[in-house]
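The values are calculated or read from the model by the stated rules, or taken from the named source; none is laboratory data. Predicted, not measured: the structure shown is a model, and the values here were computed from it. Every residue, glycine as well, gets a Cβ built from its backbone with ideal geometry; the counts of neighbours run over all protein chains shown. Accessible surface is based on the protein model in full, side chains and every heavy atom, while ligands, DNA and RNA are left aside. Shrake-Rupley method; radii C 1.70, N 1.55, O 1.52, S 1.80 Å.
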Amino acid sequence: MAEQEARVTVAEGLGFSKVNGQDLLCDVFTPPGLTGPAPAILLIHGGAWMLGDRTQLKGYGFLFGREGYVCVAMQYRLSGQAKWPAQMQDVQAALAWMHENHQKLGIDPNRIAMLGHSSGGHMALMAAGQNLVTGGPKTCGIISFYAPVELTKGAEWLKEPIEKMLGKDAGADAYAKASPINLVKPGFPPTLILQSSTDDIVPRQQSLIMYEKMLAAGCPVELHMFDRIQHALDASKEMSRLSVALITNFLTRHCG
């Protein structure tokens, strides 16, 4: 019985939004023995905006659940289903759902962070930046794993996925509007960036320029640059556990 009580519990397939007749679902990971409002993390999977599903980050749901965080792993419309900014809007909807249902979920609404991998990190940064502009639901921190932050028409890296997301006829202005670096200003949420210096998919410069832009704007930001690891730097058990330790330390300092 004691062992059972120590387990993270999972509620799968909860609906957080409905768009054009499509139900968007999420899985909620609840820490063992939750007795009061807990900090929470919205988990946003990667996959170049066109692949993947909410189960990709379930490992983090369990790992952070054991650390006392309620985790919500979300589904979003992929670029083959809907064009940008649908993906960002789905992230905004999931964050709003967490705020609106914080009591039912056992969440402290003032301590909700977002974590995204690659394109998921891009969407977390975009959603936070847009909400800062529009006054939407806030997040206390962002964890960005190897995310694209400055989309440039004509660049060779991730060229086809970005064209599929924005449309082949999208101009430079559309690329700029879909770039999180252009939303950085004072008040941008504290951000933790994790990147490999030898990333073969998203150039390390992407994380470096985001770090420098946030520093210049006076925004809390932290960068961890790892060596001799490819794009999915946290794919191994060793690196995922190290990432959890770094993220937990960051959230403790910035999200209370």
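General observations
- FRET efficiency, Thr198 to Ala155 (Cβ-Cβ, R0 22 Å, nearest 0.05): 0.75
- Solution diffusion estimate, µm²/s, Stokes-Einstein, segment 1-127, Kirkwood Rh from C-alpha pairs, 20 °C, viscosity 1.002 mPa s: 147 µm²/s
- The amide H of Leu24, built 1.01 Å from its N in the peptide plane, has Phe16, Ser17, Lys18, Val19 as neighbours under 5 Å, considering only residues 5 or more places off or on other chains.
- For the chain, Cys with no neighbouring Cys Cβ under 4.7 Å: Cys26, Cys71, Cys219
- Normalised per residue, the accessible area of segment 175-256 is 48 Å², obtained with a 1.4 Å probe and no contribution from ligands, DNA or RNA.
- Carbon + sulfur, % of accessible area of segment 148-252 - ligands and nucleic acids excluded, 1.4 Å: 54 percent
- Karplus-based coupling profile of segment 244-254, in residue order and whole Hz: 4, 5, 5, 5, 4, 4, 4, 5, 4, 6, 10, with θ = phi - 60° in 6.51 cos²θ - 1.76 cosθ + 1.60 and x standing for Gly or Pro.
- When each of Lys213/Lys237; Lys83/Lys153; Lys18/Lys58; Lys138/Lys237; Lys159/Lys213 is checked by Cα-Cα distance, pairs over 20 Å: Lys213/Lys237; Lys18/Lys58; Lys138/Lys237; Lys159/Lys213
- Sparse-neighbour loop sites [chymotrypsin sites (Phe, Trp or Tyr not before Pro); segment 120-213; at most 11 other C-beta within 10 Å; DSSP]: none
- Taking Cα centre as origin and charging only the Cβ of basic (Lys, Arg, +1) and acidic (Asp, Glu, -1) residues, the dipole magnitude of segment 158-250 rounds to 140 debye.
- Segment 138-256: C-alpha gyration tensor shape, a/c 1.5 cut-off, then a/b vs b/c: oblate
- Inter-label distance, nm, simple model (7 Å from Cα along the C-beta direction), Leu25/Leu51: 2.2 nm
- The three principal axes of the C-alpha atoms in segment 1-50 carry coordinate ranges of 43, 24, 21 Å, sorted with the longest axis first.
- Bridgeable aspartates and glutamates around Lys168 (alpha carbons under 13 Å apart, same-chain partners fewer than 8 residues away excluded): Glu160.
- Set of aspartates and glutamates near Lys185 by C-alpha distance (under 20 Å), chain-local residues within fewer than 8 positions excluded: Glu150, Asp173, Glu212, Glu222
- Just so you know, the Rg over Rh for segment 118-181 is 0.99, from Cα atoms, with Rh as the Kirkwood radius.
- Taking θ as phi - 60° and the Karplus parameters 6.51, -1.76 and 1.60, the scalar couplings of segment 158-165 work out to 6, 4, 5, x, 5, 4, 5, 6 Hz in sequence order, x denoting glycine and proline.
- Gain upon complete extension [Leu242, Leu215; 0.36 nm per residue less C-alpha separation]: 7.3 nm
- Inter-probe distance in nm under a simple model that places probes 7 Å from Cα toward Cβ, at Glu163 and Arg228: 3.7 nm
- Relative contact order for segment 147-211, counting Cα pairs under 8 Å that sit 6 or more residues apart, in percent: 46 percent
- Cβ crowding within 10 Å averaged over residues, with 180-192, 120-132, 227-239 ranked highest first: 120-132, 180-192, 227-239
- Taking every DSSP bridge with both residues inside the chain, close to 30 percent are antiparallel.
- Phi-based couplings in Hz for segment 166-173 (Karplus 6.51, -1.76, 1.60; Gly and Pro marked x): 8, x, 5, 8, 5, x, 4, 5
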